[in-house]
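Just below is one structure, and these are the notes that go with it.
The values are calculated or read from the model by the stated rules, or taken from the named source; none is laboratory data. From a predicted model like this one, the values you see are computed outputs, not experimental measurements. For neighbour counting, all protein chains shown are included, and Cβ atoms are generated from backbone atoms with ideal geometry for every residue, glycine included.
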């Protein structure tokens, strides 16, 4: 399976063609700290420190956990196909709930899909749909978002509103309880359905020098969980949040 992931990523790189040169592209490197809570009962707070890589030559791009190829790229409309790492997971050793510790692990996924971004005078609209090709959830994930940039000199505010959508197989993999697991854990069997999860977000970017090389940023997002997730015996929250702060240098 790892060979398949590598070949898919290599296909994107090759498809980018000879135009994929640093001289004709934007390249940013940096580091970020991310933290957030988990919807699972008595689950450890999630956090990580990770390097950041942003690369975009107009046709091919790398955006941290995703890589994509734009097959249409104008000032107003961008259409692309992409691969993305999905960090969603459940590790039974990270919960102190004795029943949840008897459940099977839910592993991270690899997504393949397509997206569109439409830039208008009143803001930016984004739409994407991707399927899990890792063989874990075998589900679908969608995202619809609207954002607007408020540029105040060296400081930029980008509020965002939208919704995530997940198919029944995706939600059931991460939040369902099979009959076999119910026997082992004492939890009731549960099967999750497809659902929308609305979210609100805010990004703040601050340029640290006049040459616009160094930048610090903060990003926050709050997601409201739908009833099919909240009703899972694995879950004890109605919403989750994540926060990220980082420092980048653009060449």
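Residue 136 fulfils the conditions (1) over 18 Å from residue 202 (Cβ atoms); (2) not in a loop (DSSP other than H, G, I, E, B) except for a single criterion, (2). Cβ-Cβ distance below 6 Å, separation of 6 or more or different chains: which pairs start in region 62-81 with a residue that is closer than 12 Å to residue 112 by Cα and end on one that is modelled with pLDDT under 95 and not in a strand (DSSP E or B)? As it stands, the answer is 67/12; 69/12; 69/15, since those pairs meet every condition given.
What about residue 121, is it closer than 25 Å to residue 217 by Cβ, loosely packed, with under 14 Cβ neighbours inside 10 Å and over 20 Å from the mean Cα position of the chain (by Cα)? Against the criterion (closer than 25 Å to residue 217 by Cβ, loosely packed, with under 14 Cβ neighbours inside 10 Å and over 20 Å from the mean Cα position of the chain (by Cα)), residue 121 qualifies. One residue stands out in region 191-227 among those that are part of a loop (DSSP other than H, G, I, E, B) and in contact with a helix residue (DSSP H, G or I) (Cβ under 7 Å, 6 or more places away or on another chain): the one that is surrounded by the most Cβ atoms within 10 Å (Cβ to Cβ), namely 192.
For (1) under 23 Å from residue 123 (Cβ atoms); (2) over 18 Å from the mean Cα position of the chain (by Cα); (3) modelled with pLDDT of 95 or more, each residue gets a yes or a no:
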{"residue": "159", "(1), (2), (3)": "yes, no, yes"}
{"residue": "163", "(1), (2), (3)": "yes, no, yes"}
{"residue": "186", "(1), (2), (3)": "no, yes, yes"}
{"residue": "210", "(1), (2), (3)": "no, yes, no"}
{"residue": "213", "(1), (2), (3)": "no, yes, no"}
{"residue": "222", "(1), (2), (3)": "yes, no, yes"}
{"residue": "230", "(1), (2), (3)": "no, yes, yes"}
{"residue": "235", "(1), (2), (3)": "no, yes, yes"}
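Count of region 30-61 residues, restricted to those that are within 21 Å of residue 245 (Cα to Cα) and touching a helix residue (DSSP H, G or I) at 6+ places or on another chain (Cβ under 9 Å), is 4. Scanning region 160-190 for residues that are within 29 Å of residue 147 (Cα to Cα), free of Cβ contacts under 8 Å to residues at least 40 places away in the same chain and not in a helix (DSSP H, G or I) returns 162, 163, 165, 166, 167. Go through 27, 12 for me and flag whichever is part of a helix (DSSP H, G or I), within 30 Å of residue 212 (Cβ to Cβ), touching a strand residue (DSSP E or B) at 6+ places or on another chain (Cβ under 6 Å) and at pLDDT below 95. Just a single option satisfies the conditions, and that option is 12.
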